[in-house]
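Here is the structure we will look at, set down as structure tokens.
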Amino acid sequence: MSALTFRLKGEPDERIDCSSLVPDRLKSLGSSEIEKLPVGTTKRGLVAGDVFEISGDDAADIRFEGGSSRLDRIGERMSEGAIRVSGDAGFRVGRVMSGGDLQVEGSVGDLCGSGLEGGCIRVKGDCGAKLGGPDAGEMKGMSGGTIRVHGNAGERAGDRMRRGTILIDGDCGKDAASRMIAGTLIVGGHARGAPGRLMKRGTLLLMGGAERFTPTFVDAGVHDLLILKLMADGLRETFGDVPFDGSAMRKMSGDTAVLGLGEVYLPA
Amino acid sequence: MPVIELAATINGVRIDDDFAEAFPMCGTAIQITAINEKWALEAATKMTGFATSVIACGCEGGIERVLSPEETRDGRPGVRVLFFGFDPGGLESQVTTRLGQCILTCPTAACYADYEAETTIDLGSAIRYFADGFQVSKKFAGKHFWRMPVMEGEFLCEAKTGYTADGVGGGNLLIMARDVRGALAASEAAVEAMKAVPGVIMPFPGGIVRSGSKVGGKYKGMMASTNDAYCPTLRGATDSKLDDDIGSVLEIVIDGMTADAVSAAMAAGIKAITDLGPDQGACRIGAGNYGGGLGPHHFKLKDLLP
């Protein structure tokens, strides 16, 4: 068996909905049925065969070759298997994904990993706003799984995050972990805005510091905690390298404007 | 005249044609680490105190071995501890009570699961409420931890650990010598050899029991009483199983995560005793059983000879 490959015929002239091109859905379909799956978002009614050259037959190993920022909803609701995108992808990549492995070689748009429940998403480039956050009207962001972004992240990464781990190597936009409920967000670079604004619980590691904190965060001193070492070791096993080593860090407690049981760690 | 049939004589040590009768138990393993080996052992010793017999202590527990920093989850010195109970509920109750009183309280100690299994019992999940709402749950890399703020700093404990229902309790050897010095020397040599076998503990003091028991007794309500057949001072007054040259008997009880582990430990013990010989150690090795009708595991000494 060879990887089921969707090779982009050319830059799409409309946004493409790839939510049906996931292992869960494709494993029971033949090639002719896959070609007829609707992927268009306009009244033209584009199907997969119009947009992609399709080859291979292993639905547990899906490849998108020739990425585009117009390829939306890749890996949405997938629960098993692997998807690899050799290029950019659009918004909602891996939204409400519950299992499996999703890798994007390029950059992705907003709401990547939104509502993530399980599995692992890796983005080699940058990502847009609300990484792992809730969609409009939703009360919770991601509730499990792991996201690794090698580049920078947009505004409000980890918004209303409930559980799971986000690891951003680069900088992050304004107000990361806003309204965080629990979980862990690690930023290797600088965090703009006021990270952790209105966070109730949860853990933030900001290795490049923060632009500012709201006055409702309080300094809790420098602490050498075993959990930081275990997290560094555990994430290193998954990702190979992480932007912290588990040594002592300064803790800020907050946001006391709400529950106040969140924790932000900064280099000591 | 031998009281029990002889299976073999090795290096002058007589080995009974008898068997140890053992029972199924639930077993679990945890890893205790601390800032140095002294404090890891302190925590482990406290936690495994008063855990010699499941009947009176609620569980049987002991230190399996000391772990180097390279072997532990957090890179600090540590100790692997095993516990055994009749059922998962009883095992969990004992382990979590001891965890709360002996590991949570011990300076710098942390506690991790050390047995992978589908079936689990609580560790940190059971004692997290001590943190009075300040406890923090952390899940990453497939593991779940509870962090509990304490006066020293933070107590870190894994949420659960696995257990096996295929554990075995009550493997044993009876070490018979001319005097107590010989019995003790042979028993100590056997315990040292058994410690090298993974997955077993010898839960009694120093791994050795001087007061082996039989089931029941003449007094109402006694679940166990002295094993008079092996008491040298009662020879002639009871149905003794001791030869004339036996002046002292000690027992080693072995609990293991598997029957194979118990078997390997008994074999290692027999070899150590026979290597020592009767002049410095024991002149006879036997095993305790209840006729074979109670425990499903029968470890025949003749199958374990070196």
Among residues belonging to the range A:161-172 that are in a loop (DSSP other than H, G, I, E, B) and surrounded by fewer than 24 Cβ atoms within 10 Å (Cβ to Cβ), point out the one that is farthest from the other protein chains (Cβ to nearest Cβ). A:171
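So which residues in the range A:63-80 are over 20 Å from residue A:114 (Cβ atoms) and at pLDDT 95 or above? Quick ask: steps written out before the conclusion?
Within the range A:63-80, the first condition is being over 20 Å from residue A:114 (Cβ atoms), and the residues that meet it are A:63, A:65-66.
Residues satisfying the conditions are A:63, A:65.
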Go over the candidates B:91, B:82 one by one and state the one that is open to solvent by less than 60 Å² (accessible area, probe 1.4 Å), of a type in the set (A, V, I, L, M) and over 21 Å from residue B:128 (Cβ atoms). B:82
Taking the condition open to solvent by 20 Å² or more (accessible area, probe 1.4 Å) and touching a residue at least 40 places away in the same chain (Cβ under 8 Å), does residue B:232 pass? no
Can you give me the number of residues within the range A:82-98 that are open to solvent by 40 Å² or more (accessible area, probe 1.4 Å) and in contact with a Ser or Thr (Cβ under 9 Å, 6 or more places away or on another chain)? 4
Given (1) assigned to a loop (DSSP other than H, G, I, E, B); (2) crowded, with 19+ Cβ neighbours inside 10 Å, index of the condition residue B:219 fails: (2)
Applying the selection to the range A:22-46, what residues are open to solvent by less than 40 Å² (accessible area, probe 1.4 Å) and outside any loop (DSSP other than H, G, I, E, B)? A:23, A:26, A:34
Provide a single number: the residues in the range A:191-249 that are more than 29 Å from residue B:73 (Cβ to Cβ) and either at pLDDT below 95 or not in a loop (DSSP other than H, G, I, E, B) (or both). 4
Only one of these is of a type in the set (S, T, N, Q), surrounded by fewer than 24 Cβ atoms within 10 Å (Cβ to Cβ) and within 14 Å of chain B (Cβ to nearest Cβ): A:143, A:79. Name it. A:143
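Quick one: which strands (runs of 3 or more DSSP E) sit completely within the range B:94-182 and have at least 1 residues that are touching a Cys at 6+ places or on another chain (Cβ under 9 Å)?
Working: elements: B:110-113, B:120-122, B:136-140, B:143-150, B:153-158, B:160-177.
By residue number, B:110-113, B:120-122, B:143-150, B:153-158, B:160-177.
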Residue B:74: open to solvent by less than 10 Å² (accessible area, probe 1.4 Å), of a type in the set (D, E, K, R) and within 14 Å of chain A (Cβ to nearest Cβ), yes or no? yes
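In the range A:194-207, how many residues are open to solvent by 40 Å² or more (accessible area, probe 1.4 Å) and more than 10 Å from every other protein chain (Cβ to nearest Cβ)?
Of the residues in that region, 4 qualify.
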I'd like the full set of residues that are over 18 Å from residue B:201 (Cβ atoms), in a loop (DSSP other than H, G, I, E, B) and touching a residue at least 40 places away in the same chain (Cβ under 8 Å), limited to the range B:52-93. B:72, B:73, B:74, B:76, B:77, B:87
Name the single residue that is most open to solvent (accessible area, probe 1.4 Å) among those in the range B:1-48 being under 22 Å from residue B:79 (Cα atoms) and of a type in the set (Asp, Glu). B:37
Inside the range B:183-216, can you point out the residues that are open to solvent by 30 Å² or more (accessible area, probe 1.4 Å), among the polar types (S, T, N, Q) and not in a loop (DSSP other than H, G, I, E, B)? B:213
Kindly indicate whether any position in the range B:285-300 is open to solvent by 20 Å² or more (accessible area, probe 1.4 Å), in a helix (DSSP H, G or I) and of a type in the set (Lys, Arg). no
Which condition number in (1) away from chain A (no Cβ under 11 Å); (2) touching a Phe, Trp or Tyr at 6+ places or on another chain (Cβ under 6 Å); (3) surrounded by fewer than 16 Cβ atoms within 10 Å (Cβ to Cβ) is the one that residue B:149 fails? (1)
Residues satisfying the stated conditions in the range B:131-143, i.e. over 29 Å from residue A:240 (Cβ atoms) and surrounded by fewer than 16 Cβ atoms within 10 Å (Cβ to Cβ): B:132, B:133, B:134
Qualifying residue in the range A:149-160 (condition: open to solvent by 10 Å² or more (accessible area, probe 1.4 Å), in a loop (DSSP other than H, G, I, E, B) and free of Cβ contacts under 8 Å to residues at least 24 places away in the same chain): no
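Condition check: in contact with a Gly (Cβ under 9 Å, 6 or more places away or on another chain), assigned to a loop (DSSP other than H, G, I, E, B) and assigned by TED's automatic domain parsing to the domain that holds residue B:148. Does residue B:49 satisfy that? Show your work before the answer.
Working: in contact with a Gly (Cβ under 9 Å, 6 or more places away or on another chain): yes; assigned to a loop (DSSP other than H, G, I, E, B): yes; assigned by TED's automatic domain parsing to the domain that holds residue B:148: yes.
Here the answer is yes, as residue B:49 does meet what is asked.
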With (1) more than 14 Å from every other protein chain (Cβ to nearest Cβ); (2) open to solvent by 20 Å² or more (accessible area, probe 1.4 Å); (3) touching a residue at least 12 places away in the same chain (Cβ under 8 Å) as the list, and residue A:215 as the residue in question, which single condition is left unmet? (3)
Being open to solvent by less than 10 Å² (accessible area, probe 1.4 Å), away from chain B (no Cβ under 14 Å) and in contact (Cβ under 8 Å) with a residue 12 or more places away in the chain narrows it down to one of A:191, A:257, A:210, A:232, so name that one. A:191
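The values are calculated or read from the model by the stated rules, or taken from the named source; none is laboratory data. As the structure is a prediction and not an experimental result, all values here were calculated from the model. All Cβ positions, even for glycine, are placed from backbone atoms using ideal geometry, and neighbour counts span all protein chains on display. These area figures cover heavy atoms from the full protein model, side chains too; ligands, DNA and RNA do not enter into them. Shrake-Rupley method; radii C 1.70, N 1.55, O 1.52, S 1.80 Å.
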